[in-house]
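Note sheet for the following structure.
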Amino acid sequence: MEAKKEKLWTLPFMLDTVINLLVFLIYYLLIVIIAVVAKDTLHATSSQAGLAVGIYIIGTVVARIFAGRMVTTLGSRKVLFAGLFIYLISTALYFYMPNLIVLDTVRFINGFAYGITSTATSTIVASVIPKSRRGEGINYYGLSTSLAAAIGPFLGIFLLSETSFNFIIGLCVVLVALCVVGAFMMKYEEPVFSEAVRKEESGRKISDYLEPRVNSITLVSILVGFAYSGILGFMASYTREINMVQAGTWFFVVYAVIITLTRPSLGLLFDRKGENYVLYPCFISLAIGILLLAYATSGWMILVSALFVGLGYGTYMSNGQAVVVKMVPFHRIGIATSTYFIALDLGLGFGPYALGGIKELIGFTNMFLLTAVVAIVAFICYHFLYGRLLGTSADPALKAQKEELEIRNQNGEFVPEPSEASLS
């Protein structure tokens with residue numbers, strides 16, 4: 001039993017993590033340059049360029065609403081291949097951009113494909129990680145997203161200055177093709193659900209698309225995403241205004257480095273001590289990081305801010321996913337995962353629109369102060385809606401375990417998770 005628990009770095013786990021890295025890398029690479037391309041190539045206004053950026057997230061949210069149910073009814077492998085196929089085609093369509101309508105359409109389809117693919121990879125990783133090492137495994141997996149968030153923007157800006165947009169798109173097409181090859185190589189035994197379980201997901205109820213068991217974490221995730229969206233959306237313009245562009249450029253590098261160094265140990269802490277030991281500090285860390293950014297008077301303050309933001313938002317991204325996986329029976333993991341990322345996407349996607357108007361009224365400093373307050377509100381909501389329930393009779397994880405056992409005990413209703421020995 002102990003040997004099985006130790007078997008984390010299986011081929012399916014590594015391939016799924018690499019596919020996720022490349023999928024997110026393309027997302028971040030394109031999102032930082034698409035507004036510039038829209039203005040320079042299609043003569044878009046600032047608002048039109050902003051729509052070209054934001055409509056991608058709209059496509060992602062739409063996809064996530066349906067992707068969780070698709071994973072349950074079709075299986076994560078088929079959903080992954082479908083997502084990668086659409087991702088490949090829609091990425092290649094960037095070669096043809098005669099006007100803004102075409103660009104926006106391609107962006108929406110590309111975001112839709114990204115939403116399907118990333119939901120599939122996030123569900124697969126929960127299938128191939130041993131339960132006893134789920135926090136650790138998901139934290140390692142989450143590094144792929146963090147590294148993409150740091151490498152993607154740098155790569156996009158660098159390549160746009162040194163090459164052409166068509167070269168960048170060609171590179172992205174190659175990366176998606178590599179993901180397809182990796183998906184074919186990824187052999188794992190995913191859970192098979194009986195017809196009775198499939199009929200339970202009839203598609204007629206909201207719960208067939210959004211997981212109500214994770215409502216508490218959904219609210220917290222929207223707040224955390226909103227708080228971080230101020231940084232993601234306005235770092236470039238803010239550091240330009242305060243004449244610290246170079247420090248702002250290095251912000252996401254420091255952010256990625258601190259996540260890379262801390263996630264393995266935080267994953268172990270999650271598994272051994274529980275999520276409260278990891279998540280309570282992360283809300284406080286996010287608020288501190290935003291406050292340092294709001295009052296930055298030198299470059300070192302921005303870099304220290306990146307450290308705290310990495311420990312805050314970066315920690316929450318992967319550990320929040322680990323929490324929702326614990327809160328549901330196994331056959332609902334796909335829907336729970338998509339619900340979790342929908343919440344983050346809503347906060348990240350709509351935050352900049354709201355905060356942009358607020359910034360015009362109260363300025364950058366007060367705008368960041370507002371988002372720091374939102375991070376504290378997320379802390380309070382987490383405590384009262386989830387954190388204080390752990391270890392009690394109302395613990396959501398205990399309820400999920402009980403429900404899963406009941407399903408497993410119904411003959412023919414559920415095929416148990418594969419053992420690690422069955423994974424190739």
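The values are calculated or read from the model by the stated rules, or taken from the named source; none is laboratory data. Everything quoted here is computed from the prediction, not taken from an experiment. A quick note on method: Cβ atoms are made from the backbone with ideal geometry, for glycine too, and the neighbour counts reach across all protein chains shown.
Below, the figures for the structure above:
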| quantity | calculated |
| --- | --- |
| Pair list, Cβ under 8 Å, 6 or more apart: the stretch 136-162 residue more than 28 Å from residue 40 (Cβ to Cβ), other residue among the basic types (Lys, Arg) and part of a helix (DSSP H, G or I) | 139/263; 140/263; 142/263; 143/263; 146/263 |
| Flag for residue 341 being under 20 Å from residue 149 (Cα atoms) and out of contact with any helix residue (DSSP H, G or I) (no Cβ under 7 Å at 6 or more places or on another chain) | no |
| Per-region count, the stretch 127-143, residues in a helix (DSSP H, G or I), of a type outside the set (D, E, K, R) and more than 14 Å from the chain's Cα centre (by Cα) | 5 |
| Criterion (surrounded by 24 or more Cβ atoms within 10 Å (Cβ to Cβ) and within 26 Å of residue 144 (Cβ to Cβ)) met by exactly one of 248, 289 | 289 |
| Candidates 87, 94, filtered to the one that is at pLDDT 90 or above, in contact with a Ser or Thr (Cβ under 8 Å, 6 or more places away or on another chain), crowded, with 21+ Cβ neighbours inside 10 Å and part of a helix (DSSP H, G or I) | 87 |
| Subset tally (residues that are modelled with pLDDT of 80 or more and either crowded, with 20+ Cβ neighbours inside 10 Å or part of a loop (DSSP other than H, G, I, E, B) (or both)) for the stretch 40-51 | 2 |
| Selection within the stretch 267-277 - surrounded by fewer than 24 Cβ atoms within 10 Å (Cβ to Cβ) and in contact with a Gly (Cβ under 9 Å, 6 or more places away or on another chain) | 268, 269, 271, 272, 274, 275, 276 |
| Matching entry among 306, 296 (being in contact with a helix residue (DSSP H, G or I) (Cβ under 7 Å, 6 or more places away or on another chain), among the small types (Gly, Ala, Ser), outside any helix (DSSP H, G or I) and free of Cβ contacts under 8 Å to residues at least 60 places away in the same chain) | 296 |
| Filter result (surrounded by fewer than 22 Cβ atoms within 10 Å (Cβ to Cβ) and either modelled with pLDDT under 85 or of a type in the set (Lys, Arg) (or both)) within the stretch 62-74 | 65, 66, 69, 73, 74 |
| Among the candidates 209, 238, 255, residue that is modelled with pLDDT of 85 or more, under 30 Å from residue 355 (Cα atoms) and among the aromatic types (Phe, Trp, Tyr) | 255 |
| Among the residues listed as 353, 340, 277, the single one being part of a helix (DSSP H, G or I), over 19 Å from residue 244 (Cβ atoms) and without any contact (Cβ under 8 Å) to a residue 12 or more places away in the chain | 277 |
| Subset of the stretch 378-396 [of a type in the set (A, V, I, L, M, F, W, C) and either surrounded by fewer than 18 Cβ atoms within 10 Å (Cβ to Cβ) or without any contact (Cβ under 8 Å) to a residue 24 or more places away in the chain (or both)] | 380, 384, 385, 389, 390, 394 |
| Residue match in the stretch 328-338 (condition: closer than 29 Å to residue 369 by Cα and crowded, with 20+ Cβ neighbours inside 10 Å) | no |
| Test: residue in the stretch 98-108 that is touching a helix residue (DSSP H, G or I) at 6+ places or on another chain (Cβ under 8 Å), surrounded by fewer than 21 Cβ atoms within 10 Å (Cβ to Cβ) and not in a helix (DSSP H, G or I) | yes |
